[in-house]
Amino acid sequence: MCIRDRHYMAKIALVESKPSRNDYVRLFNNEIQFDKYELCSDPTIKKVLKRDCDIEINQDDYDWIILVGSECLKYFTNQNSVTEYSGRCIDDKYLPVINPAMLAFKPEAKKTWEESRENIVKYTKGQLKQQKLGEDKCYGITDSRKLHEFLIKARDHENDFIALDSETSGLYPRDGYMLGISMSYEPEHGAYIDCECIDETAEVLLQQIFDKKRVVFHNAKFDLAFFEYHFNFKFPRFEDTMLLHYMLDENPGTHGLKQLSLKYTPYGEYEKGMYEWIDDYCRRNGILKGSFSWDMIPFEIMQDYAAMDAVCTFLLFQKFENALVKNDRLYGVYRDILIPGCRFLTDIQDAGVPFDKERLQTSSVLMQEQIDEAIKKLYTYPAIKEFEHNQGKDFNPNSTLQLRGLLFDFLGLEPTGKKTGTGAHSTDAEVLKELAEEHEVPQLVLDIRQKVKIKSTYLDKIYPQLDRDSRLRTGFNLHGTTSGRLSSSGKMNMQQIPRDNPIVKGCIKASPGTKIVAMDLTTAEVYCAAVLANDKNLMDVFRSGGNFHSNIAKLVFNLPCEVDEVAEQFGTQRQMAKAVTFGIMYGAGPKKISEQVTKDSGKYFSMNEASAVIRDYFEQFHGLKRWLDDNKRFIQDNGFIYSHFGRKRRLPNVFSEDKGIASHEVRSGINFLVQSIASDVNLLGAIDAHNQIDQSQAKIFALVHDSILAEVDEEYVDEYMGIVKDCIQKDRGMSIPNCPVGCDFDVGEDYSFGKFEAKYGA
């Protein structure tokens, strides 16, 4: 839009999905005037689809169109996420904003709404404009001489940091190569360097820059891997804007460079032109999007987009670092945990998970035989053949629609009450387990589904992704959870390897002359809670040794036996104690405890019984009860909580008018306190161990939940375990005096530690 003069008043339309009671004039503080429209005039329609739309609006009549909610955004643009674009300008006309109605039950959205409202008003008044790209801001370098001049200027510039990015042909260093390097050493200016013009002189100059300055990446782990693998560059000091933002907003899915650039820089959708070119190229050449690779993009198309990646990273670093240094606790987590953690995870990803190719192939055949046997057994039930005859097609266990018809309509089983997002009766694993108590077919379907998933998701998928050294290089993330626990993504999610079936773990196998060594923290979260609560009785349980849950049961129920006899003589009481111990760490009440004990023991355990056990439990552990209550009150009063190591969990929904949402937020806060600390103890211990062990004799290759996995030379196993134990049990202000956190070790030929051979004999 072009403002003709300062007296010109922009013509504005506001569109919402259907009629509502929202007073938009008041919500925008009477600062703008607009014509109001609805996509659909029928207020009874819950979710407005395109077929329901009856809007009549001449878009050319308006300078600006405010789009309220995701449905309006989708109708007028090609975008889907209104949260991502809220308060930003799209196509020089559209101003998306979240629906203010959500503020009643999601107070966390208040900040987004207020910022969006402020931006929209500024856009309509001509006070805020999207910056346009140009050669004055970003350019490409394809000539070695010009590159040398640029690098000398970057090296000698007064700024103590540069922003750096890589464009690659693949997602993993061994699967692709580097196309170019983006660099920005001063605000608003950046260059994209073609890797073809990087000669020996340029490599020397680049390393001089990396030695002299702080190098700022966005998702440093990705770029470090490529720069180190393909150029052998070293980065003594690096920063990561993604991790900086994670400290400012721990919610997953909010840390992408595109999203942050939209929100915090004036450049908006700077990559839009490149993606339009990609769409056109694929359409003209008959290429599926999944088959497109970035090396197909010409340099002149790529250069502006790539250079802007570095420019935006530069700007984000200035903003985020200035914000974070004001909070010592958060900055301490970033500096002392996340940056060392990033370096560590880069190394263990490069180490790779060792797999046995032959065993993978054998396991795939074994699993298919089990699937075939389960399907054969399924068809022994006449109901299946009758259902197929009735439907006129083969039964597919993975079809939720068919399964719903078979279970609820044909077999007449009663739905559990659990619904999908669309409102249909659920047929997920939890539902099938419950229905299996009434009929054999749900259990068989569940078995088939699980085995098919193991075969397709792991056994068949892993083999073609192995590198030549038979190792799988997948991803581990520091920013994927609100608690601070690591997540895994990429070629294989290591955190979701099947626990109940050892077939995948058995394929993670040590090479000849080495062993798989796994260290597991024992009851670490409860241990941390005992320290934080300063509960003498709970700490004494840890000091006493023996089986933890048996000790708890003996104390809570005053059992007339020795601790090592509890499991055999008072199994139910032990199960109760275990359920309560873990339950209260996650804010579970009598209902949840009742369900858990009933499930684990196979005997009905009422809510009244659960309430009595919880009462008896806290009679023994007063300090823990006081600590839990104090933290619940703090969360309810403040809407946030800090962990022992300084992580912050923001919990604005405690102020929700919905009591269910508010109470869930409190439970999330308590959960965060114990989970984050135990996770950080494990991560910090792993980092220290990694820095101390002989890398030629031992390589840590994964952190899975509370475990550290490594491949270790047979003669180095004892020394390795000693180093890891010392590092894990190091006093970080979270130790019971004379009783460090427990850690157990398993050593074997593979990650199943004999369970694979016991079950499959191979």
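The values are calculated or read from the model by the stated rules, or taken from the named source; none is laboratory data. Keep in mind that what you see is a predicted model, and the values were worked out from it rather than measured. Virtual Cβ from ideal backbone geometry, glycine too; neighbours counted across all protein chains shown.
Quick notes
- Number of the exception - Ala306 against (1) part of a helix (DSSP H, G or I); (2) more than 19 Å from Gly190 (Cα to Cα); (3) of a type in the set (A, V, I, L, M, F, W, C): (2)
- Filter result (assigned to a helix (DSSP H, G or I), within 32 Å of the chain's Cα centre (by Cα) and closer than 16 Å to Arg449 by Cβ) within the stretch 362-399: Met367, Gln368, Ile371
- Checked against (1) surrounded by fewer than 21 Cβ atoms within 10 Å (Cβ to Cβ); (2) touching a residue at least 24 places away in the same chain (Cβ under 8 Å); (3) assigned to a loop (DSSP other than H, G, I, E, B), Asp616 meets all criteria but (3).
- From Glu388, Glu430, residue being loosely packed, with under 13 Cβ neighbours inside 10 Å, of a type outside the set (Ser, Thr, Tyr) and at negative phi: Glu430
- Count - residues of the stretch 330-344 that are farther than 16 Å from His479 by Cβ and either crowded, with 22+ Cβ neighbours inside 10 Å or in the same structural domain as Ala225 (by TED's automatic domain parsing) (or both): 0
- Only listed residue being touching a helix residue (DSSP H, G or I) at 6+ places or on another chain (Cβ under 8 Å), of a type in the set (Val, Ile, Thr) and over 27 Å from Gly256 (Cα atoms), chosen from Ile45, Ile66: Ile45
- Annotation: Met102 fulfils all but one of (1) surrounded by fewer than 20 Cβ atoms within 10 Å (Cβ to Cβ); (2) touching a residue at least 40 places away in the same chain (Cβ under 8 Å); (3) of a type outside the set (Asp, Glu); the unmet one is (2).
- When the helices (runs of 4 or more DSSP H) confined to the stretch 488-564 are screened for residues that are among the basic types (Lys, Arg) and surrounded by fewer than 21 Cβ atoms within 10 Å (Cβ to Cβ), those reaching at least 2 such residues are found at 536-544.
- Extreme residue, farthest from Asn691 (Cα to Cα), among residues of the stretch 727-743 that are without any contact (Cβ under 8 Å) to a residue 24 or more places away in the chain and surrounded by fewer than 16 Cβ atoms within 10 Å (Cβ to Cβ): Pro737
- You will find that of Lys625, Lys648, Lys599, Lys632, the residue that is free of Cβ contacts under 8 Å to residues at least 12 places away in the same chain and within 20 Å of Ala678 (Cα to Cα) is Lys625 and no other.
- When residues of the stretch 222-253 are limited to those that are of a type in the set (Ser, Thr, Tyr) and surrounded by 17 or more Cβ atoms within 10 Å (Cβ to Cβ), the one farthest from Cys312 (Cα to Cα): Tyr246
- Here the strands (runs of 3 or more DSSP E) wholly within the stretch 654-751 that include at least 3 residues being aliphatic (A, V, I, L, M) are 698-704, 707-713.
- Residues that are among the hydroxyl-bearing types (Ser, Thr, Tyr) and part of a strand (DSSP E or B), drawn from the stretch 26-78: Tyr37
- Members of the stretch 43-83 found to be surrounded by fewer than 18 Cβ atoms within 10 Å (Cβ to Cβ) and charged (D, E, K, R), listed by number: Lys46, Lys47, Lys50, Arg51, Asp52, Asp54, Glu56, Asp60, Asp61
- Test for Ser483: is it of a type in the set (Ser, Thr, Tyr), part of a loop (DSSP other than H, G, I, E, B), in contact with a Ser or Thr (Cβ under 7 Å, 6 or more places away or on another chain) and crowded, with 18+ Cβ neighbours inside 10 Å: yes
- Restricting attention to the stretch 623-653 and to residues that are in a helix (DSSP H, G or I) and over 19 Å from Gly589 (Cβ atoms), the residue that is nearest to the chain's Cα centre (by Cα) turns out to be Pro652.
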